[in-house]
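*Asks:* Let me give you the structure first, and then I'll get to my questions.
Each reported figure results from applying straightforward, stated rules to the coordinates on display, with no laboratory input. As the structure is a computational prediction, the values presented were derived from the model and not from experiment. Every residue, glycine as well, gets a Cβ built from its backbone with ideal geometry; the counts of neighbours run over all protein chains shown.
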Amino acid sequence: MLIQSKNMSYRNQRKSARPLINFDRNAAMIGFVILFSGILLIRLFSLQVLAYDHYKQIATEAHFGFNELPAYRGEIYIKDYASGDLVRVATNSTLDLLYADPTMIKDKKLVANTIVPLIYDPEEAKKLDEERVQKAISRAKTAEELEDIEPLKEDELYEQFYDEILEKISSDIRPVITLSTNTDPAKLQQIKDLNLTGIEITENDVLKAYPPDIINLKSTAAQLGEVLETPPLELESILKGRNRYVVLKKKLPPETSTKIKEVMTNDEGDNFIGLGLKEEYYRYYPEKTLAANVLGFVGTDGNGNYGIESKFNTDLKGKKGVFQTQKDSVGRLITVGDSVIEPAVDGSNVTLTIDRSIQMVVENKLERTVKGTRADTGQVIVMDPKTGKIIAIAHYPSFDPNNYSEVYEKEDVKLTDKEIEELVPIEGMENTFWQYRNFAAKDRTMIFKKELADDTIIYQKYKNNIGPESYQNKVVSGPYEPGSVYKIITAAIGIDDQDVQPGTVFNDSGILKVDEFEIKNVSAKCTGRVTVADILAYSCNTGMGQIAQRVGRNLFYSYMERFGMGKRTEIEFENEHPGKLEHFNGWAESELVTHAFGQGFTATMVQMATAISTIANDGIMMQPYIVESIEKTPGKIQNTEPTVLGQIIRPETAELVKNMMVGAVEKGVSGSAKINTHYVAGKTGTSQTYRNGKPLTGAGTTIASIGGFGPIDDPQFVILVKLDHPRSSEWADSTAAPLFKEIAEYLYEYYSIPPDK
């Protein structure tokens, strides 16, 4: 009883020690379940609704085999009208790249001994060595240094190439690694303070590592990783610099690829297991520089740049396809499952109106003329006046779209102390200057200053003198003052408005005073009694000014617009310039007069060629075009039809101006364009350049041009030639006209047009 009493007392004490809280376990459990379910529902909503597209894509890619099917870029053709054949000027090519994983190559010399004879190109090696020699000569400072410069012999070139390949496949560790190009400046300062061996921050704030120089890999990775917030093990793997990929040769000829594949296939001892071939896609231009400024080029991103490649990039590029098929649980393709195939849509083929034979001849003749006249650049356009078709567009200098980056190549130039002192810095371009040969004429070359590792300072220029400017199609995008070529338009305006006739006589004193200016002539034949036909033949500025005054600024401006001045022709190119033509309300009297002989406004060559074609085509203006057809799908061809833009002047006016243009060639200032066997209509133009509002004179200060057409009775071609700043003469008749004559003679023969003289 006593014991029982004690136990009862102990239990009572335990009860009194418990907290007096009424805790309902069932309610707590229900609350927990509700809370958990709520969280789960929110999470499911997030995954299944908000992030549905994201996870569906992940699931799809995991459950289905997914491959992108490349589209074949459309080809570009031009015609050889003599044979009737289509000629590819832009097509596609796949060539192999040879690479190596040095860490997998055991016998380095065996691989080098086998591969080098297959990939060595003696012509390429010789070209590179010639460049080395020229560069060394330009940098030589003493006669002794010049004597030591010699080209390498054939066996030396081969040995040099062999050593380069052996070094590449022997480089198990990369010499340098770029870790970051946009690191926070504060972190860069922290890294500088660590003073880590083998780690460098360049002047451009690029973080680089030199694996061979890193002494303590783990410590470097740990310290660097802390600053960059990168796991040390991951960084350590990077800093080891294992060289798993080096390029040995690009663009292997197919036969060379075949031989290398044979070597790799018959590799019984796994000696060549570290070699690999990778297919690379290239846009290929079989005709090289031919019509390059018309075509443009395709960049490394697969998109067109400049010319037709850019304008029709979407059509040419096509659309990539998709191949997708279901996988089983271990990743094998299920051939009976659902598959999705969206076939690639190949790009459209584009055929241009360019005539291959004419284009080739015009380019060759233009190059020779630009070099012979020492002009900066030159352009030619040849057009069919009846249809508006562009037959040829030529530029010099031009470029090879297969190697479009070559325009950036530079060469050393030696400058005297005085020449260096006279260099003019180009705003916004560090260490880049203009070197002026003639400041007034803007005859200049871009010069680049470069400091070598030994602190030697050298100066360089573009090899082609104009650099990437050579990409431009100046016939379409380069406005200029057309000068006296425009006088044929002024004559047409005056005659069409019936203010003058070819025989209308002017008593010309040789000076026309307007505003505060005096307009003068070059030829003495412009003074006295002169007819309108004489005014055009002898290129009289004063006479043309008087014709414009008779027409009046309002009507003269209206005719200029009708002839296409101040607005784009809408030819199939991007970046076509409209030229610049101010409204007549803002003209001074002097501007009306100067417009009459092609100054005070700008036009493009395609605008001027279209205007001249209007006169050749009985006053009917045709829409200029260069795309003959687009083949969207095989057999489905969209042809370009000639488009009439309107009757700009009366046919009788066109006929009278045509005859006056013949007179300008036969007896006037355009005599160098005269052909012994055929009549040709033409008019030269020598456009002055200005400085501070004052005209400049002398060779190298003008733009020389000539426009015209033939044959006279049935015009089949219009030619417009332009030379920028020729230095052999300032006059178009001495520089541009001879080229016009050569092209016209060729076209008469090419079209089998019988003599009319």
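*Asks:* Determine the relative contact order of the range 410-462: mean sequence separation of Cα pairs under 8 Å and six or more apart, normalised by residue count, in whole percent.
*Replies:* Working: 80 pairs, mean separation 18.8, N = 53.
Averaging sequence separation for qualifying contacts and normalising by length gives 36 percent for the range 410-462.
*Asks:* Let me ask you something else. Can you work out the Karplus-derived ³J(HN,Hα) for every residue in the range 234-243? Use 6.51 cos²θ - 1.76 cosθ + 1.60 with θ = phi - 60°, whole Hz, and x for glycine or proline.
*Replies:* Per residue, the Karplus-derived 3J(HN,Hα) values read 5, 5, 4, 4, 5, 5, 4, x, 4, 8 Hz.
*Asks:* Further, regarding this structure: About the Cα centre of the chain, how large is the charge dipole given +1 on each Lys and Arg Cβ and -1 on each Asp and Glu Cβ? Please answer in debye to the nearest 20.
*Replies:* Values: 86 positive and 108 negative charges, 569 e Å.
So the magnitude is around 2740 debye.
*Asks:* Residues with amide H under 5 Å of ASN92's amide H, sequence separation 5 or more or different chain, H placed in the peptide plane at 1.01 Å from N; which?
*Replies:* TYR284
*Asks:* Quote to one decimal, in nm, the extra length available between GLU570 and ASN303 on full extension: 0.36 nm per residue of separation minus the C-alpha distance between them.
*Replies:* 93.9 nm
*Asks:* Per 0.36 nm of contour for each residue apart, how much would the distance between LEU128 and TRP434 grow if the chain were fully extended, relative to their Cα-Cα spacing? Don't skip to the answer; put the middle values down first.
*Replies:* Details: separation 306, 0.36 × 306 = 110.16 nm, distance 2.86 nm.
Gain on extension, LEU128 to TRP434, equals 107.3 nm.
*Asks:* Report the full-extension gain for the segment ASN195 to GLU518: residue separation times 0.36 nm, less the Cα-Cα distance, to one decimal in nm. Working shown, then result.
*Replies:* Working: separation 323, 0.36 × 323 = 116.28 nm, distance 7.42 nm.
Difference between extended and current length: 108.9 nm.
*Asks:* Additional query: Using modelled amide H (1.01 Å from N, peptide plane; none on Pro or chain starts), what sits under 5 Å from the amide H of ILE675, excluding residues fewer than 5 places away?
*Replies:* It is VAL680, by chain and number.
*Asks:* Sequence neighbours fewer than 8 away in the same chain don't count; with that in mind, list the aspartates and glutamates whose C-alpha is under 12 Å from LYS658.
*Replies:* Cα-Cα hits under 12 Å: ASP618, ASP713, ASP714.
*Asks:* Give a residue-ordered list of calculated ³J(HN,Hα) values for the range 296-311 (Karplus: 6.51 cos²θ - 1.76 cosθ + 1.60, θ = phi - 60°; whole Hz; x for Gly, Pro).
*Replies:* Values per residue, Gly and Pro as x: x, 7, 9, x, 5, 8, x, 9, x, 10, 6, x, 5, 4, 7, 4 Hz.
*Asks:* Whole-Å semi-axes of the chain's equivalent ellipsoid, largest first, each the root of 5 times a Cα gyration tensor eigenvalue? Display every interim value, and only then the final one.
*Replies:* On the way: eigenvalues 963, 275, 190 Å².
Result for the chain: semi-axes of 69, 37, 31 Å.
*Asks:* Same structure, new question: Just tell me which aspartates and glutamates come within less than 12 Å, Cα to Cα, of LYS461; anything on the same chain fewer than 8 places away is out.
*Replies:* GLU409, GLU411, ASP412
*Asks:* Along the positive direction of the dipole of the chain (beta-carbon charges: Lys, Arg +1; Asp, Glu -1; about the Cα centre), which of LEU118, GLY552, VAL361 reaches farthest?
*Replies:* GLY552
*Asks:* So for the chain, averaging the separation of alpha carbon pairs under 8 Å that are six or more residues apart and normalising by length, what relative contact order in percent results? The partial results should precede the final answer.
*Replies:* On the way: 1452 pairs, mean separation 95.4, N = 757.
So the answer I get is 13 percent.
*Asks:* Same structure again: Equivalent-ellipsoid semi-axes (√(5λ), Cα gyration tensor) for the range 168-274, whole Å, largest first?
*Replies:* In descending order, the three semi-axes are 38, 16, 10 Å.
*Asks:* At q = 0.32 Å⁻¹, what log₁₀ I(q)/I(0) does a Debye calculation on the Cα points of the range 711-757 give, no solvent, two decimals?
*Replies:* Here log10 of I(q) over I(0) equals -1.23.
*Asks:* Okay, moving on. Under a 5 Å amide H to amide H cut-off, with H placed in plane at 1.01 Å, what residues pair with SER180 once short-range neighbours are removed?
*Replies:* The list, which skips near neighbours in sequence, is LEU207.
*Asks:* Tell me, what HN-Hα J-couplings in whole Hz come from the Karplus equation 6.51 cos²θ - 1.76 cosθ + 1.60 at θ = phi - 60° for each residue of the range 590-606, using x for Gly and Pro?
*Replies:* These are the phi-based 3J(HN,Hα) values: 5, 6, 4, 5, 5, 4, 4, 10, x, 10, x, 8, 10, 9, 9, 5, 5 Hz.
*Asks:* Next question, about the same structure. Have a look at ALA524, VAL514, CYS540 and report the one farthest towards the positive end of the charge dipole of the range 481-555, computed about the Cα centre with Cβ charges (Lys/Arg +1, Asp/Glu -1).
*Replies:* Ranked along the dipole, the leading option is ALA524.
*Asks:* Say R0 is 35 Å: what FRET efficiency, to the nearest 0.05, do SER138 and LEU97 get from their beta-carbon distance?
*Replies:* After rounding to 0.05, the efficiency reads 0.60.
*Asks:* Run the numbers on the range 123-271 and let me know its relative contact order in percent, using alpha-carbon pairs under 8 Å that are six or more apart.
*Replies:* About 20 percent, as a whole number.
*Asks:* Is the shape of the range 142-194 rounded, prolate or oblate, going by the alpha carbon gyration tensor and its root eigenvalues a ≥ b ≥ c, with a/c under 1.5 for rounded and a/b larger than b/c for prolate?
*Replies:* oblate
*Asks:* Using the Cα centre of the range 410-462 as the reference point, and only Cβ charges (+1 on K/R, -1 on D/E), how large is the resulting charge dipole? Debye, rounded to the nearest 20.
*Replies:* Computed charge dipole of the range 410-462: roughly 320 debye.
*Asks:* Take every Cα-Cα distance within the range 475-750, group them into 10 Å bins from 0 onward, and report for each bin the whole-number percent of pairs it holds.
*Replies:* The calculated distribution, bin by bin, is 7, 30, 38, 19, 5, 1, 0.
*Asks:* How big is the C-alpha Rg of the range 473-628 next to the rule-of-thumb value 2.2 N^0.38 Å, as a ratio?
*Replies:* Computed over Cα atoms of the range 473-628, the ratio equals 1.05.
*Asks:* No solvent, one uniform scatterer per C-alpha: report log10 I(q)/I(0) for the range 417-563 via the Debye equation at q = 0.11 1/Å, two decimals.
*Replies:* Scattering profile of the range 417-563, log10 relative to I(0): -0.66.
*Asks:* With equal scatterers on the alpha carbons only and no solvent term, can you work out the Debye log10 of I(q)/I(0) for the range 410-462 at 0.14, 0.22, 0.31 1/Å?
*Replies:* -0.35, -0.84, -1.37
*Asks:* For the range 475-750, build the charge dipole from Cβ charges (+1 Lys, Arg; -1 Asp, Glu) around the Cα centre, then report which of GLY668, THR697, ASN585 sits farthest towards its positive end.
*Replies:* The listed residue farthest towards the positive side: THR697.
*Asks:* Another one. Using 19 Å as the Cα-Cα cut-off, could you pick out the over-long pairs in LYS108/LYS249; LYS513/LYS722; LYS487/LYS722; LYS126/LYS278; LYS251/LYS632?
*Replies:* LYS513/LYS722; LYS126/LYS278; LYS251/LYS632
*Asks:* Might you report the magnitude of the Cβ-based charge dipole of the range 475-750 about its Cα centre, with Lys and Arg at +1 and Asp and Glu at -1, to the nearest 20 debye?
*Replies:* Using Cβ point charges on Lys, Arg, Asp and Glu, the range 475-750 gives about 560 debye.
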